[in-house]
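Have a look at the structure below before the remarks.
Read-outs throughout are calculated quantities, based only on the coordinates presented, and are distinct from any laboratory measurement. These numbers come from a predicted model, not from an experiment. All Cβ positions, glycine included, derive from the backbone under ideal geometry; neighbour counts span all protein chains shown.
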Amino acid sequence: MLGILLLMTGWILGYAQGPVVEFKVMAWNILHGGNDLKDGQERVIEIIREIDPDIILMVETYGSGPGIAEALGYHFHLIAPEGTPPDEESVNLSIFSRFPFGKRIDTSYPFYLGGRTIRIEGHEVRLFSNWFHYLPWLDAPEKAGWTANELLAWEKNGKRYEMLQKVLPYFERYAAEGDRIPMIVGGDMNTPSHLDWGAATQQLHNGLIVPWYTTRSLEDLGLIDAFRTVHPNPLTHPGITWDTPNAVDEHRIDYVFYKGQDLKPVSAQTYFAHFGESLLLNGKQIPYPSDHGIVVTTFQLNP
């Protein structure tokens, strides 16, 4: 299956319009190219094959991208200066696509943001892979004894905030054009979401409501959290993508955001297993090669 379902909804509703297209986007930090686990690249390939995405927004590629793309039949784009060898082991971000690539979307900060356009049934879509630094980090921010304002001040005191400030102009530029050219951003942002720290979850967070700066900044630009759109209740669908054994630090820190009046997320799922443990996919137990969970969103692209 190529992962594109053409749903002739226009004819069903009694008027002729173009087909509605569905495509699946996966965001995953594979951890050091998948190489921390024995045969880790093979496990990365196996997991991707079972999830069967049309597009992958990858973090910590580190030289593994071409082999993974070749094994699975994807087009591959390394987010690095033009001319960089595709197997360059120092490069963090990449994009895989079953659709042909269009224009490069280069930034001055390719280690943590870059993209590529693709064409889907005549539609141009901008795809971005993203990573932000894990610092500052607290396993359980609610236990720090701080107010929400103090936590926000703490959040702005570190490399993640510095990175966000540098790339916000790119987010702002492309989000402003998002209704004309849809955009999708996915990756490892290493931060909790303000949508998971609201009134519904106060009892989990020592009574705190925290409008975390990183995710709120993207929302303020009109970018939408796809997982939380499909699953608005963080109590029933926490979407955990980070958890350390023997620690209390479950968080959703990996995301797919989107902007575009023609884009609609119709399903979303996260997958998680601790490093080296088994992830159950389609009845198969696969040793998990990463420390981050996977975020998968199926989008509908309207004509």
How much length is gained on full extension from residue 124 to residue 176, taking 0.36 nm per residue of separation minus their Cα-Cα distance?
17.2 nm
Taking a crude spin-label model, label points 7 Å out from Cα along the C-beta direction, the residue 280 to residue 49 distance in nm is 2.2
Put a dot 7 Å past each Cα toward the Cβ at residue 199 and residue 221; how far apart are the dots in nm?
2.9
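Please give me, ordered by residue number, the trypsin sites (Lys or Arg not before Pro) of segment 124-167 that lie in loop per DSSP and have at most 15 other Cβ atoms within 10 Å.
156
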Using mean Cβ contacts within 10 Å as the protection proxy, how do 62-70, 105-113 order, highest first?
62-70, 105-113
Would you look at the GNM of the chain, springs on alpha carbons closer than 10 Å, and say which of 155, 42, 50 moves the most?
50
Rounded to the nearest 0.05, what FRET efficiency is calculated for residue 209 and residue 75 with R0 set to 45 Å and r the Cβ-Cβ distance?
0.55
Gyration tensor on Cα atoms of the chain, a ≥ b ≥ c root eigenvalues, a/c under 1.5 rounded, else prolate if a/b beats b/c, else oblate, says rounded
Tell me, what is the percent relative contact order of segment 21-301, built from C-alpha pairs under 8 Å that lie six or more residues apart?
21
Of all DSSP beta bridges with both partners in segment 76-233, the antiparallel percent, nearest 5, is 70
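Rounded to the nearest 500 deg cm²/dmol, what is the calculated helix-only ellipticity per residue at 222 nm for the chain, with -39500 (n - 2.57) per DSSP H run of length n ≥ 4?
Value at 222 nm, helices only, nearest 500: -6000 deg cm²/dmol.
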Anyone know which of 80, 200, 268 comes out most mobile in the 10 Å Cα GNM of the chain?
200
Label model pair residue 107, residue 149: point-to-point distance (7 angstrom along the Cα→beta-carbon line) in nm is 3.1
Taking a ≥ b ≥ c as the square roots of the Cα gyration tensor eigenvalues, with a/c under 1.5 meaning rounded and otherwise prolate when a/b beats b/c, else oblate, which class fits segment 154-303?
oblate
